[in-house]
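Enquirer: Sharing a structure here in structure tokens format.
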Amino acid sequence: MEEPKTVKTEAHVWIRDLTGNESVHGLYLAKSKRLGTTRRGDAYLSITLGDRTGDVEARVWEGAEDMDGLFSEGDVVEVTGRAGTYRNQIQLVLERVGRCGRVEDPDLFLETTPRDVREMMGELRQLLSTVRNANLKAVVDRFLADRGFISLFKKAPAAKNFHHGYLGGLLEHTLSVCVLVDAVCPHYPELDRDLVLCGAFLHDVGKTREFVFNTHIEYSDEGRLLGHMVLGVSMLEEKLAEIKHFPKELSFRLKHIILSHHGAFDFGSPKRPKFLEAFVIHALDDLDAKLNGLGRFISLDRKEGAWTEYNRLFERYFLKGMLEEEAPGEENAGEPDIGQGRLFSS
């Protein structure tokens, strides 16, 4: 059997650098595809292509049905076509698209945290070393000593799409929530700081098993069937089984923090926070996730002017720059906000 062709990627043109009216030839990840028909009944292929700098929409107008069978969603594809603009957005019109073989640099398609992983891990370890409760410290130390867990924890994303959806994102998010805990707890002396800090570290550990990531981020089988909260409780129970005479009430509190940190049934939590420390972790987790997700949405927006494209998740536009002064008598034609609606579930 012939070995798959290894494709080199030296001349890759990043999606963020694409401009209108230029030829494009290179490798991209086919994140989604859909075969549709025009009003005249002609077939066309709609594809979302991605690399670690962003996504771009592409269309195949000629030979769409034939090319649809040449690759699947999640494949790395080699494309030839031309970039243009449609409704003020970059769009590719492709002449050829097909699945390629092995790729020398799979990280080409997965964004990585902008922060230094070693430095983040060192900062997290330093924060966790301040836990004084002997039982909580024993739990933390067992996770930190688990080389297999730490290897995944340093590389895993925190989500597939909305927030910290890149390699190292789970570590970056966890550290950020722990730093917020360290800042908030002195303001509320009634809180058990050790419990909040330990809970912040543990709240998303199940994501090391919820996601798989090679050329793209996808849910694992157990991630789809169980979810990261159930997986996190299972991982915690494995560590607790190694600790003699661990207080039952404390184990209940740690498990409750994991199961309630999304805050509401609608957002995927099987339980809602039922004590102060659980409320704090939910609030800080929610804050960090939204600021990261919205910050990235705004920074990646290509629409001209002060306002972003419409954000379907939050059901509103976002202000990304300085407002232009309106001429006398000119009215604002913007659409009103209509409520936030459902947000992310992971």
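Throughout, read-outs are computed from the coordinates displayed, never taken from laboratory work. What you are looking at is a predicted structure, and each value in this text was computed from that prediction instead of being measured. Methodologically, a virtual Cβ is constructed for each residue, glycine included, from the backbone with ideal geometry; neighbour enumeration extends over all protein chains shown.
Enquirer: Taking R0 as 41 Å, what FRET efficiency do you get between residue 241 and residue 34 from their Cβ-Cβ distance, rounded to the nearest 0.05? List each step's numbers first, then the result.
Expert: Details: r = 47 Å, r/R0 = 1.15.
The computed FRET efficiency comes out at 0.30.
Enquirer: Could you work out how much longer the chain between residue 222 and residue 82 gets when fully extended? Use 0.36 nm per residue separation minus the Cα distance between them, nm to one decimal.
Expert: On the way: separation 140, 0.36 × 140 = 50.40 nm, distance 4.04 nm.
Taking 0.36 nm per residue and subtracting the Cα distance, the gain is 46.4 nm.
Enquirer: Cα to Cα, under 16 Å, and not fewer than 8 places away if on the same chain: which lysines meet these conditions relative to residue 271?
Expert: Residue 271 reaches 255.
Enquirer: Something else about it: Measure up 207/290; 207/320; 248/274; 207/239 against 20 Å on the Cα-Cα distance and list the ones that go over.
Expert: Result: 207/320 exceed 20 Å.
Enquirer: What is the fewest-to-most order of 57, 78, 304 by other Cβ atoms lying within 10 Å of their Cβ? Don't jump to the answer; show the numbers that get you there.
Expert: Details: 57 14, 78 18, 304 7.
By the 10 Å Cβ count, ascending, the order reads 304, 57, 78.
Enquirer: Can you give me the orientation-averaged projected area of the convex hull built on the Cα atoms of the range 15-105, in nm²?
Expert: Mean shadow area of the hull around the Cα atoms is 5.9 nm².
Enquirer: How much length is gained on full extension from residue 96 to residue 115, taking 0.36 nm per residue of separation minus their Cα-Cα distance? Before the final figure, lay out the partial values.
Expert: Values: separation 19, 0.36 × 19 = 6.84 nm, distance 3.69 nm.
In short, 3.2 nm is gained.
Enquirer: Straight-line reach only, C-alpha to C-alpha below 20 angstrom: list the lysines that residue 33 could link to, leaving out same-chain residues fewer than 8 apart.
Expert: 160
Enquirer: Now for a separate question. From the Cα gyration tensor of the range 223-326, with a ≥ b ≥ c the square roots of its eigenvalues, which class applies: rounded if a/c is under 1.5, or else prolate if a/b is larger than b/c, or else oblate? Working shown, then result.
Expert: Working: a/c = 3.43, a/b = 2.89, b/c = 1.19.
It is prolate, given that a/c is not under 1.5 and a/b is the larger ratio.
Enquirer: At 0.36 nm per residue, and after removing the present C-alpha to C-alpha distance, how many nm does the segment from residue 130 to residue 234 gain when stretched out fully?
Expert: Here the answer is 34.9 nm.
Enquirer: Answer with a single label: of (i) 26, 50, 23, 2; (ii) 28, 58, 14, 0; (iii) 28, 54, 17, 0, which was calculated as P(r) over Cα pairs in 20 Å bins from 0, in percent from the structure in view?
Expert: (i)
Enquirer: Take residue 311, project a point 7 Å from its Cα along the Cβ direction, then tell me which residues of the range 261-284 have their backbone nitrogen under 12 Å from it.
Expert: Taking a point 7 Å out along Cα→Cβ of residue 311, no residue of the range 261-284 has its backbone N under 12 Å.
Enquirer: Can you tell me the mean projection area, over all orientations, of the convex hull of the range 110-292's alpha carbons? Units nm², please.
Expert: Working: hull surface 39.5 nm².
Over every viewing direction, the Cα hull of the range 110-292 projects on average to 9.9 nm².
Enquirer: Starting with the highest mean, order 49-56, 308-315 by the number of other Cβ atoms within 10 Å, averaged over the residues of each peptide. Let's see the in-between values first.
Expert: Values: 49-56: 19.2, 308-315: 14.6.
Descending packing order for the listed peptides: 49-56, 308-315.
Enquirer: Once you place label points 7 Å from the Cα toward the Cβ at residue 249 and residue 142, how far apart are they in nm?
Expert: About 2.1 nm, to one decimal.
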